[in-house]
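A.B. asks: This structure is in structure tokens; I'll ask about it shortly.
The values are calculated or read from the model by the stated rules, or taken from the named source; none is laboratory data. Since the model is a prediction, treat every value here as computed from it, not as a measurement. Please note: Cβ atoms are built from the backbone with ideal geometry, for glycine as well, and neighbour counts cover all protein chains shown.
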Amino acid sequence: MGDTNTIFKTFINQKDYDGGITRSELKQSKSFDELWKLSSNENILGPSPKAMKAIVDNISNLHEYGFRDDALLKDAICKATPIFTPQTIFTANGGSEILELITRAFLTPGLECIISTPTFIAYKNLIESEGAVVVDVPLEPVNYTLDVEAILNAITPNTRIIFITNPNNPTGTYTNKEKMDALINSVPNHVVVVYDEVYYHFSDALDYPRAIDYINQGKNVIGVHSFSKSYGLAGIRLGYGIATKKITAYIENIQRPFMINTLSQVAGIAALGDFDHLKKTVDLIKTEKEWLYKEFENLGINYWPTQTNFIFLDPPMDLHLFTNKLLEFGVMVRPCDKFGAPNGVRITIGNRKANTVLMKGLSSIYK
Ligand SMILES: Cc1ncc(COP(=O)(O)O)c(C=O)c1O
């Protein structure tokens with residue numbers, strides 16, 4: 001027998017990214033008449049009905065290999081968003097795998113990446129998986145926007161990626177165009193800006209900047225998109241990146257044939273054509289966020305106005321105690337200590353029924 005220690009490599013455990021407990025995991029430990037999952041920013045309206053039909057229509061073909069490549073999906077993305085072209089899109093199994101392709105493509109041990117906490121914590125694990133170094137330049141306190149000057153000062157010859165989440169998870173805040181221009185126009189050529197805009201459909205701020213604006217100027221910017229949020233397809237695992245033709249072609253070198261399975265592709269294509277479902281989703285979030293703002297203000301809750309489908313607040317007690325109190329009402333929310341926000345809780349905006357139960361729980365806490 002050989003020495004087994006010599007056969008193992010050391011990995012950063014990606015499971016350290018706590019994606020949040022699922023409804024069935026929770027139900028195994030507690031019984032609820034009704035459980036509202038407002039902890040993972042999913043779409044409370046469910047999947048697009050057109051996507052569900054596409055899955056059913058294609059189920060009998062599963063014995064065959066599906067699409068060798070993602071050409072049809074790219075065409076559908078371009079049809080839904082005519083400012084994109086197929087040569088500037090690459091697809092993967094979720095925004096998470098888009099991020100993984102990017103870190104695999106650009107990082108080697110010792111290189112540095114800038115993140116701005118509180119933020120989506122998967123970045124840290126992916127950076128460390130490549131042996132690269134995380135440099136945290138926290139968001140500006142109070143307003144939670146990017147600290148442009150501090151980010152620019154943190155760039156060294158070893159910096160390879162700056163991760164930006166706009167609008168930001170978990171705070172729901174956004175960095176405006178003026179600030180973003182100031183940052184991206186000053187980033188040197190050896191740095192790639194990963195512009196994670198998976199919540200962009202929910203933004204209604206007139207000065208919210210999009211990744212494509214910078215890509216069209218030829219900048220080293222990669223936009224990250226997901227079907228898990230506005231399209232309601234978190235379980236299917238589908239996402240895409242947008243970048244210059246040069247960066248897209250480079251990243252596509254590491255994609256596998258048949259990388260996106262048949263059902264994901266047909267569901268994604270159908271969801272992209274379901275403008276009605278997307279509009280209903282965005283309208284619901286807009287109406288419900290206004291309703292929640294008023295309810296929060298009535299209770300004196302300290303919250304941050306949001307450009308996403310969730311609201312960040314600063315509870316008056318220990319985060320986990322607060323989360324458990326809401327769970328007693330059958331409402332799951334997310335404590336954000338692991339995102340780098342030791343005083344924050346993130347609550348996905350639900351429908352009126354879910355939000356009413358949420359307010360019942362919050363009223364008992366803030367009474
Ligand atoms: C900011 C951000 N980026 C990326 C993702 C990954 O999304 P996906 O479900 O497509 O992997 C998430 C998911 O919550 C997110 O919040």
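A.B. asks: Can you tell me which residue among Gly110, Gly172 is more than 21 Å from the chain's Cα centre (by Cα) and either within 20 Å of Ile215 (Cβ to Cβ) or at pLDDT 95 or above (or both)?
C.D. replies: Gly110
A.B. asks: Here's another thing I want to ask about it. Only one of Ile155, Ile89, Ile151 is closer than 28 Å to Arg237 by Cα and either touching a strand residue (DSSP E or B) at 6+ places or on another chain (Cβ under 9 Å) or among the aliphatic types (A, V, I, L, M) (or both); which?
C.D. replies: Only one candidate passes the filter, namely Ile89.
A.B. asks: Which residues, taken from the range 75-106, are within 16 Å of Gly273 (Cβ to Cβ) and surrounded by 20 or more Cβ atoms within 10 Å (Cβ to Cβ)?
C.D. replies: Ile77
A.B. asks: Might you check whether a residue that is out of contact with any helix residue (DSSP H, G or I) (no Cβ under 6 Å at 6 or more places or on another chain) and part of a helix (DSSP H, G or I) occurs anywhere in the range 158-177?
C.D. replies: yes
A.B. asks: Any residue that is outside any helix (DSSP H, G or I), within 16 Å of the ligand (Cβ to nearest atom), out of contact with any Lys or Arg (no Cβ under 8 Å at 6 or more places or on another chain) and among the aliphatic types (A, V, I, L, M) - is there at least one of those in the range 134-145?
C.D. replies: yes
A.B. asks: Report, ordered by the first and then the second residue, all pairs with beta carbons closer than 8 Å, sequence separation of six or more or different chains, a first member in the range 228-239 that is outside any loop (DSSP other than H, G, I, E, B), and a second member that is within 9 Å of the ligand (Cβ to nearest atom) and among the polar types (S, T, N, Q).
C.D. replies: If the second residue must be within 9 Å of the ligand (Cβ to nearest atom) and among the polar types (S, T, N, Q), the pairs left are Ala234/Ser40; Ala234/Ser228; Gly239/Asn93; Gly239/Ser96; Gly239/Ser226; Gly239/Ser228.
A.B. asks: Could you say which residue among Val187, Val198 is in a loop (DSSP other than H, G, I, E, B) and touching a His at 6+ places or on another chain (Cβ under 8 Å)?
C.D. replies: Among Val187, Val198, only Val198 is in a loop (DSSP other than H, G, I, E, B) and touching a His at 6+ places or on another chain (Cβ under 8 Å).
A.B. asks: Of Ile236, Ile251, Ile247, Ile242, which residue is buried (at least 19 other Cβ atoms within 10 Å of the Cβ), of a type in the set (A, V, I, L, M, F, W, C) and out of contact with any helix residue (DSSP H, G or I) (no Cβ under 6 Å at 6 or more places or on another chain)?
C.D. replies: Being buried (at least 19 other Cβ atoms within 10 Å of the Cβ), of a type in the set (A, V, I, L, M, F, W, C) and out of contact with any helix residue (DSSP H, G or I) (no Cβ under 6 Å at 6 or more places or on another chain) holds for just one of Ile236, Ile251, Ile247, Ile242, which is Ile247.
A.B. asks: Can you name the residue in the range 303-352 that is in a strand (DSSP E or B) and among the β-branched types (Val, Ile, Thr) and, of all such residues, is farthest from Leu139 (Cα to Cα)?
C.D. replies: Val331
A.B. asks: Here's a check for you: in the range 209-233, which residue that is of a type in the set (Phe, Trp, Tyr) and within 15 Å of the ligand (Cβ to nearest atom) is surrounded by the most Cβ atoms within 10 Å (Cβ to Cβ)?
C.D. replies: Phe227
A.B. asks: Filter the range 306-324 down to residues that are under 14 Å from Ser39 (Cα atoms) and surrounded by fewer than 17 Cβ atoms within 10 Å (Cβ to Cβ), then give me how many there are.
C.D. replies: Selection size over the range 306-324: 2.
A.B. asks: Looking only at the range 151-179, filter to residues that are more than 16 Å from the ligand (Cβ to nearest atom) and without any contact (Cβ under 8 Å) to a residue 40 or more places away in the chain; which one of those is nearest to Tyr123 (Cα to Cα)?
C.D. replies: Applying the filter and picking the extreme gives Ile151.
A.B. asks: Go through (1) touching a residue at least 60 places away in the same chain (Cβ under 8 Å); (2) within 13 Å of the chain's Cα centre (by Cα) and name the single condition Ala205 misses.
C.D. replies: (2)
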